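Okay, structure first, notes after.
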């Protein structure tokens, strides 16, 4: 499956933290995206791994879960399902791992098509384009205001 530029731009614009990017910025962000096909049952990211990439879901469904040991046996608790137009490693306020590590494991429930971009490449992009940096800071501040206790 090859995803066309218009569909990539539409998917980017549907992410709240990217919705205020202009067309030029979206076009540059599209260049950072790499299509990735995932088979049903494949682990996309693992809890505790370094957050090095973000994935935008084009098609398919994934299960977000916490994996733990119980009596020496690996078990999991499903906490959410993600589908088309949603993201792995990104929330409405932008990159959301303050620790820099994945907070859950994500496994494909169906065959999936994802668009992947590296966090490092995105940070370089944001530094090169002041408006992108400004938008991301604004969304990060909203996140912090909602999630940190009042001082």
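In the set (1) surrounded by fewer than 19 Cβ atoms within 10 Å (Cβ to Cβ); (2) at pLDDT 95 or above; (3) not in a loop (DSSP other than H, G, I, E, B), residue 106 fails one condition alone, (1). The set of residues from the range 51-72 being assigned to a strand (DSSP E or B) and either at pLDDT 90 or above or at positive phi (or both) comprises 53, 54, 55, 56, 57, 58, 59, 62, 63, 64, 65, 66. The set of residues from the range 1-29 being in contact with a strand residue (DSSP E or B) (Cβ under 9 Å, 6 or more places away or on another chain), at pLDDT 90 or above and within 17 Å of residue 124 (Cα to Cα) comprises just one member, 29. Could you tell me how many of the residues in the range 26-50 are under 30 Å from residue 131 (Cβ atoms), over 13 Å from the mean Cα position of the chain (by Cα) and assigned to a loop (DSSP other than H, G, I, E, B)? Number satisfying all stated conditions: 0.
Among the residues making up the range 10-25, those that are part of a helix (DSSP H, G or I) and either touching a residue at least 40 places away in the same chain (Cβ under 8 Å) or surrounded by 18 or more Cβ atoms within 10 Å (Cβ to Cβ) (or both) are 11, 12, 16, 17, 18, 25.
Just one of the numbered conditions (1) modelled with pLDDT under 95; (2) assigned to a loop (DSSP other than H, G, I, E, B) is not true of residue 84: (1).
Out of the residues in the range 26-55 that are free of Cβ contacts under 8 Å to residues at least 60 places away in the same chain and surrounded by 15 or more Cβ atoms within 10 Å (Cβ to Cβ), state the one that is nearest to residue 80 (Cα to Cα). Talk me through it step by step, then tell me what you get.
Narrowing the range 26-55 to residues free of Cβ contacts under 8 Å to residues at least 60 places away in the same chain: 26-27, 30-31, 46-50.
Keeping just the survivors that are surrounded by 15 or more Cβ atoms within 10 Å (Cβ to Cβ) gives 26, 30, 47.
On the way: 26: 28, 30: 27, 47: 14 Å.
Only one residue fits best here, namely 47.
The values are calculated or read from the model by the stated rules, or taken from the named source; none is laboratory data. Worth saying up front: this structure is predicted, and the values here are computed from it rather than measured. No Cβ is skipped: glycine too gets one built from the backbone with ideal geometry, and neighbour counts run over all protein chains shown.
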